[in-house]
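J.: The structure's right below; bear with me while I get my questions together.
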Amino acid sequence: MNHDFVAGIVRPKFMALGLIVMISGTAHAQRAAGHWYIAGAATGAAPEKPRQTIANAPTPGATLHVVNDVDFGWGGQIAAGYAWRILRIEAEIGHTENHSGHYSAISPIAITLPQSGKNNVTRYMANAYLDPFRTRWPVSPYIGVGLGAAHGHLTTFAAPARAPSAPPSELLDIKDTRFAWQVMGGFSVPVTSRLALTAQYRWLDAGTFQGVDSRGERATRSIRGSNIDIGLRIAF
């Protein structure tokens, strides 16, 4: 068989294959070097039991200390960011809702009463992640930290601790915005070259929200705790 004839057939095929590999490698390198992305996740929220204070309760001059028992709640988040080498920077908006079926006054009196209460928190965060294995491992662990602000809407509808037999009424309706911070740790699993599944643990500390109760007296409630985020990240 004529070697020039065989070479004329084989060489273009190898050249085409090499070109495909080169283009693929270049695209991968460009994504590794830097790209924009959007992300979204569903959140399971398990905050610590919020601690609360109310001034001049149950008697003038005293401060009532309360612990709210909250259920496991839900929420979600969206984010847009830029990934460059091992670093990712993003802006995030997230929201969680937790409800409470009862509250416990612990000082200076001790009593547990049913309530209809909610702890709704919307956060606006700037996050930074270290993602060193994003382009090399099939499962890529990462860690991150975020700073920003959290807006809380916190309510209590119940009988007051000083008069447990009274009919339920709105005791507290706080709307406040506080400095917030969070730390994250999780992993991503690529589905395609642009799409990845993500799962992370996130600890959020939204600080202590301040307002007044139904009598106009100063009231506070702290919000912090654990969250699990399961979602998707799409690269461009």
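J.: For the stretch 25-128, which GluC sites (Glu not before Pro) are both in a DSSP coil and crowded by at most 14 other Cβ atoms within 10 Å?
T.: Qualifying residues, ordered by number: 48.
J.: In addition: Taking amide hydrogens as modeled 1.01 Å from N in the peptide plane, which residues meet the under 5 Å criterion relative to residue 115, leaving out close sequence neighbours?
T.: Here 102, 103 satisfy the definition.
J.: Can you give me the P(r) profile for the stretch 35-235? Cα pairs, bins 10 angstrom wide beginning at 0, each as a whole percent.
T.: The calculated distribution, bin by bin, is 9, 34, 25, 16, 11, 5, 0.
J.: How much length would be gained if the chain were fully extended between residue 113 and residue 162, taking 0.36 nm per residue of separation minus their Cα-Cα distance, in nm to one decimal?
T.: 16.5 nm
J.: Could you derive backbone 3J(HN,Hα) for the stretch 50-61 from the dihedral phi with the Karplus parameters 6.51, -1.76 and 1.60 (θ = phi - 60°), listing whole Hz in sequence and x where the residue is Gly or Pro?
T.: 3J(HN,Hα) across the stretch 50-61, in whole Hz: x, 9, 9, 10, 9, 6, 6, 8, x, 10, x, x.
J.: Pairs of Cα atoms under 8 Å, at least six residues apart: use those to get the relative contact order of the stretch 102-167, whole percent.
T.: It rounds to 35 percent for the stretch 102-167.
J.: Among 181-190, 58-67, 115-124, what's the highest-first ranking by average C-beta atoms within 10 angstrom per residue?
T.: Packing order, densest peptide first, comes out as 115-124, 181-190, 58-67.
J.: Taking θ = phi - 60°, what integer Hz values does the Karplus form 6.51 cos²θ - 1.76 cosθ + 1.60 yield along the stretch 73-78, in sequence order, with x for Gly and Pro?
T.: With coefficients 6.51, -1.76 and 1.60, one gets x, 10, x, x, 8, 10 Hz.
J.: Further, regarding this structure: Tell me, what is the percent relative contact order of the chain, built from C-alpha pairs under 8 Å that lie six or more residues apart?
T.: The value is 19 percent.
J.: A follow-up question, please. How far, in degrees from 0 to 90, does helix 3-33 lean away from the longest principal axis of the Cα atoms of the chain, to the nearest 10?
T.: The helix 3-33 is inclined about 20 degrees to the chain.
Any read-out appearing in this document is the output of simple, stated calculations on the displayed coordinates, not a laboratory observation. Nothing here was measured: the structure is a model prediction, and the numbers come from that model. Using ideal geometry, Cβ is built from the backbone for each residue, glycine included, and neighbour counts are taken over all protein chains shown.
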